[in-house]
Amino acid sequence: MKHTQIGIRENTLHFTLLVITNFFVGSMVGLERTVLPIIGEEEFGLASTSAALSFIISFGFSKAIVNYFAGSIADRFGRKKVLLIGWSIGLSVPLLVIFATSWWLIVMANILLGINQGLAWSMTVNMKIDLAKSSQRGLAVGLNEFAGYIGVASMAVVSGFIATTYAYRPEPFFLGIIVVVLGLVLSTFVKDTREHMALHSSSSVEGSSLSARDVFKKTTYQDKRLASITFAGLSTNFKDGMAWGLFPLFFTSVGLTLSEVGLIVAIYPAAWGFFQLFTGVLSDKIGRKWLIVLGMWLQGFSLWLMLFVESYSLWMIAAILLGVGTAMVYPTLQAAISDLAQPEWRASSLGVYRFWRDSGYAFGALFAGFLTDLLSLYWAIGIVALFPIIAGATALFRLNETLPS
């Protein structure tokens, strides 16, 4: 019987399989990013931006709630079972979008997509953290998020191309069925990481467990370091909820074609995914704090740049910078949570963090839709940009370095 070891190199095959699996998890979201906001307006005749963005709101809240419970469920029943359940639920998503005859079915599909993402993505990142050494957490999370957001970007481009060539529905969503089947098959070969988590627990200095209520309070507001990390995560996805819903509408309003919009919409998560290859491991070497502070500020300033330029090449540069800023914080925030949380309640603390982070999708879409209806697309994007800037300033003053010495 093979001896259980901690470390990415020691678990290369297992770790690689999880990376590939999360590519397909991210692909499920990428299918929607280019075409679904436009489907809402053109096929279902939604005049209100708030109504058109309701699918993001349903996705964000369902994913956030599932994230909260996924950690404690995984701690009790094992990561692999939860991963397989997530994929099983995901199969209904493309089918509902394909056959939807009214907008509420699209909203229902995105509730199920949120559940799929909350279970499957949460498990891939938790399992990688279980496999990695404490000095490899940034790298582990970076590789996980790299794979997921490259999946988002790839499918955003492909779905935009298919929609331009054929139609908004059903052709782009046939891919979704293939993605779910591949993800489910790959996940059956994944091994649970319960033994690796036990090894982490045995080497823990404190080794103390906390109740779910205590973990929630500690991660949300009691511990100033965890609270500032949580607020930064919420602000990051607050911005992304806006970007998901408004970028297609903004760029079509300035006269770009659907293919051009698809490329801009894809280059942002592509940069986000690609640069996480470097930012995650960089945080293992230089620390978490300054990557978080500067990354939050770069996100806000990139959004403002997008509003003040008027050429396709400069919009592309702004989208890339937005992706770089997000890449600086996304794996780093999760690694910082893992630094501070003990193994016994780490998955639960990550679940609380991901609850608040992914509720940002819903709050961002709600806020952006309301501002667009009240003011304009320009004002909505500009005001949302303030949130990551404020979160960066909060981290500057409240977050001490978390990287283990």
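Some observations on this one:
- Answer label for mean projected area of the Cα convex hull in nm² (calculated), chosen among (i) 17.8; (ii) 20.4; (iii) 23.2: (i)
- Normalised alpha carbon radius of gyration of region 6-48 [divisor 2.2 N^0.38 Å]: 1.99
- Taking the Cα centre of region 156-310 as reference, the dipole from Cβ charges on Lys and Arg (+1) and Asp and Glu (-1) amounts to some 500 debye.
- Between helix 103-131 and the chain there is an angle of about 30 degrees, using the helix long axis and the longest principal axis of the Cα atoms.
- Here the Karplus curve 6.51 cos²θ - 1.76 cosθ + 1.60, taken at θ = phi - 60°, turns the phi angles of region 385-390 into couplings of 4, 5, 5, x, 5, 5 Hz, with x standing for Gly and Pro.
- Bridgeable aspartates and glutamates around Lys80 (alpha carbons under 13 Å apart, same-chain partners fewer than 8 residues away excluded): Asp130, Asp192, Glu195.
- Taking region 69-185 and dividing mean pair separation by its residue count, relative contact order in percent (alpha carbons under 8 Å, at least six apart): 32
- Amide hydrogen neighbours beyond the local backbone of Thr193, cut-off 5 Å, H modeled: Arg79, Lys80
- What the chain shows is 37 Å² of accessible area per residue, with the surface traced by a 1.4 Å probe over protein heavy atoms.
- Considering only Ala120, Ala132, Phe189, the residue lying farthest towards the positive end of the dipole of region 118-245 is Ala132, judged by Cα position with unit charges set on Cβ.
- Annotation: lysines with alpha-carbon distance below 27 angstrom to Lys285 (same-chain offsets under eight excluded): Lys128, Lys133, Lys218, Lys224.
- The alpha-carbon of Lys239 sits under 21 angstrom from the alpha-carbons of these lysines, leaving out residues fewer than 8 places away in its chain: Lys63, Lys289.
- For region 54-68, putting each phi into the Karplus relation 6.51 cos²θ - 1.76 cosθ + 1.60 with θ = phi - 60° gives couplings of 5, 5, 6, 4, 5, 4, x, 5, 5, 5, 4, 5, 5, 4, 4 Hz, in residue order, rounded to whole numbers and with x for Gly and Pro.
- When a 1.4 Å probe is rolled over the protein heavy atoms, the share of accessible surface on region 15-97 that falls to carbon and sulfur comes to 71 percent.
- Within region 1-107, GluC sites (Glu not before Pro) in DSSP loop having at most 16 other beta-carbon neighbours inside 10 Å: Glu43
- Karplus-derived HN-Hα couplings along region 312-318 (A = 6.51, B = -1.76, C = 1.60, θ = phi - 60°), whole Hz, x at Gly and Pro: 4, 5, 6, 5, 5, 4, 4
- Relative contact order computed over the chain (Cα-Cα under 8 Å; 6+ residues apart), in percent: 28
- Taking only the Cα atoms of region 304-405, the radius of gyration and Dmax are 16.7, 51 Å.
The values are calculated or read from the model by the stated rules, or taken from the named source; none is laboratory data. Predicted model, so just to flag it, every value in this text is computed and none were measured. Heads up, the Cβs are rebuilt from the backbone with ideal geometry, glycines too, and the neighbour counts pull from every protein chain shown. Keep in mind that these areas ignore ligands, DNA and RNA; they rest on the heavy atoms of the full protein, side chains included. Shrake-Rupley method; radii C 1.70, N 1.55, O 1.52, S 1.80 Å.
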